[in-house]
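Just below is one structure, and these are the notes that go with it.
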Amino acid sequence: MTTIRFYHINAFADQLFCGNPAAVCLLPCWLPDQDLHEIARENNLPVTSFLVFSQEQFFIRWITPEQELDLCGHGTLAAAYVIFNELYPNWNKVDLQSSAGLLPVMRTGNLITLNFPAKNITACVLSLLEKGLGRAPTEIYQYNQECCVAVFDHEDAVHQLKLDMDVLKKLPHRAIVVTAPGNNVDFVSRTFYPQKNIAEDPVTGASHCLLIPYWANRLNKKTLHAKQISERGGELFCQTQDDRVLIGGSAVLYMSGIISLDMKK
């Protein structure tokens, strides 16, 4: 019987039942991929972050109930919260080795800041997007086939979208991000994954790799305050830094325990 330490963290939140939930599993070494995927499906949270400490380094992988991710913001924030608060409370910096490269993470008080690669979006035309969102954005961009971004003029338009998921599923992009200037912050956003069982992501760190460079250029500001205005909601403190973006947020512990894994199959 293998036992795994498990934490359920609400990321980009300063109180329970907000932000984006993630599981964090501490592994002595990497288990077979099939076991990792089964654990993620059993956890049934938006993502499970797996951490292995080896040769004085932390290695991280992110697996959803559906697939493994190349990069995950809220899963990284949750993992860093566990490192800083449960494992090494005297640390204020950790470098995480991942499939996306080295990801430095800093802690200042209760704020945990991720250092992620910036991604630049390009203008495009997507006739299905307007129909799927229920209103016409003022601008449309994309990042390869990974994500498209719809820009609106005001926050209310982002709140009041009437989505047709059947239409949005026809788009080639895995993620659909909508954004607008915020009433009380620099910008707001929502992120949708039409192919997932739960189509709206509560708070999406990875989408801010696209949004921060866009809004920094548009507003001529390097430091930005953002909110993701999903039902659970989340607050992000953002900054541009050359070809990187800094994404800061808080996190809270909801639950911790032990996973008992029977390796005899």
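FYI, it's all coordinate maths here, none of it is from the lab. Note that the coordinates shown come from a computational prediction; the quantities given were computed from them, not determined experimentally. Heads up, the Cβs are rebuilt from the backbone with ideal geometry, glycines too, and the neighbour counts pull from every protein chain shown.
Database remark: amide H of C18 closer than 5 angstrom to no amide H (H placed geometrically; neighbours at sequence offset of 5 or more, or on other chains; Pro and chain starts carry no H). With the charge dipole of the chain set up from +1 on Lys and Arg Cβ and -1 on Asp and Glu Cβ about the Cα centre, the Cα lying farthest toward the positive end among the listed residues I112, A216, I39 is that of A216. Eight or more residues apart or on different chains, and alpha-carbon atoms under 17 Å: count the Lys pairs in region 122-242 matching that. Lysine pairs, 8 or more places apart or on different chains, close enough: 6. Relative to the 2.2 N^0.38 Å rule of thumb, the chain has a C-alpha radius of gyration ratio of 0.99.
Using just its DSSP H runs of length 4 or more, each adding -39500 (n - 2.57), the chain gives a mean residue ellipticity at 222 nm of -5000 deg cm²/dmol after division by all residues. What is the angle, in °, between the Cα long axis of helix 33-43 and the longest principal axis of the Cα atoms in the chain? Nearest 10 is fine, range 0 to 90. Rounded to the nearest ten degrees, it is 70. Here each label is just a point 7 Å from Cα along the line to Cβ, and for C124 and Q160 those points are 2.8 nm apart.
3J(HN,Hα) couplings calculated from phi for region 183-196 with the Karplus curve 6.51 cos²θ - 1.76 cosθ + 1.60 (θ = phi - 60°) are, in sequence order, 5, 10, 9, 5, 7, 10, 7, 9, 10, 10, 10, x, 7, 7 Hz; Gly and Pro show x.
When each of M1, M106 is scored by the number of other beta-carbon atoms lying within 10 Å, the sequence from fewest to most is M1, M106.
Rounded to the nearest 5, what % of the DSSP beta bridges within region 122-242 are antiparallel ones?
Working: 21 of 29 bridges.
Of the beta bridges lying entirely in region 122-242, close to 70 percent run antiparallel.
A dipole drawn for region 122-242 from +1 and -1 charges on Cβ atoms has a positive end, and of I198, V151, L161 the residue lying farthest that way is I198.
Full extension of the chain segment joining L253 with N184 gains 22.1 nm, where the gain is 0.36 nm per residue of separation less the Cα-Cα distance.
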